[in-house]
1. If residue 18 satisfies all but one of (1) over 27 Å from the mean Cα position of the chain (by Cα); (2) of a type in the set (A, V, I, L, M); (3) at pLDDT below 75, what's the number of the condition it fails?
2. What are the residues in the stretch 1-25 that are surrounded by 12 or more Cβ atoms within 10 Å (Cβ to Cβ) and part of a loop (DSSP other than H, G, I, E, B), if any?
3. So, restricting to helices (runs of 4 or more DSSP H) that lie completely within the stretch 26-87, which ones have at least 3 residues that are surrounded by 10 or more Cβ atoms within 10 Å (Cβ to Cβ) and modelled with pLDDT of 75 or more?
Amino acid sequence: MHEHYISLPENVYSHLLAVAETQGMTPADWIASQLPPNDDLQNPLTSSLSGLIGAINSQGEPPPSYEKTAFGEAVASKLAKQGIHRP
């Protein structure tokens, strides 16, 4: 494995070292723990949508009734002004 070096101002390195030590880590391990997993870098959209696909079934029929709320009525009124009416 190749090693690489970075330059940090003394105050940044001191802060990094202090934070890493409180967590029982080296500065390099602490930096690595802050990075996203490699697979997130290769396919961020997939990881962002993980667990969400199929959460809403758009193929099913909507419930026949709805509960009226002040917010819902305000939205329906605004949409009605645009010519969009609820079924």
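1. Going through the list (1) over 27 Å from the mean Cα position of the chain (by Cα); (2) of a type in the set (A, V, I, L, M); (3) at pLDDT below 75, residue 18 breaks only (3).
2. Within the stretch 1-25, 8, 25 meet the criteria.
3. In the stretch 26-87, 27-34, 70-81 are the helices (runs of 4 or more DSSP H) which contain 3 or more residues that are surrounded by 10 or more Cβ atoms within 10 Å (Cβ to Cβ) and modelled with pLDDT of 75 or more.
The values are calculated or read from the model by the stated rules, or taken from the named source; none is laboratory data. Not measured: the values here are computed from a predicted model. So basically every Cβ, Gly included, is an ideal-geometry build from the backbone, and we count neighbours across all protein chains shown.
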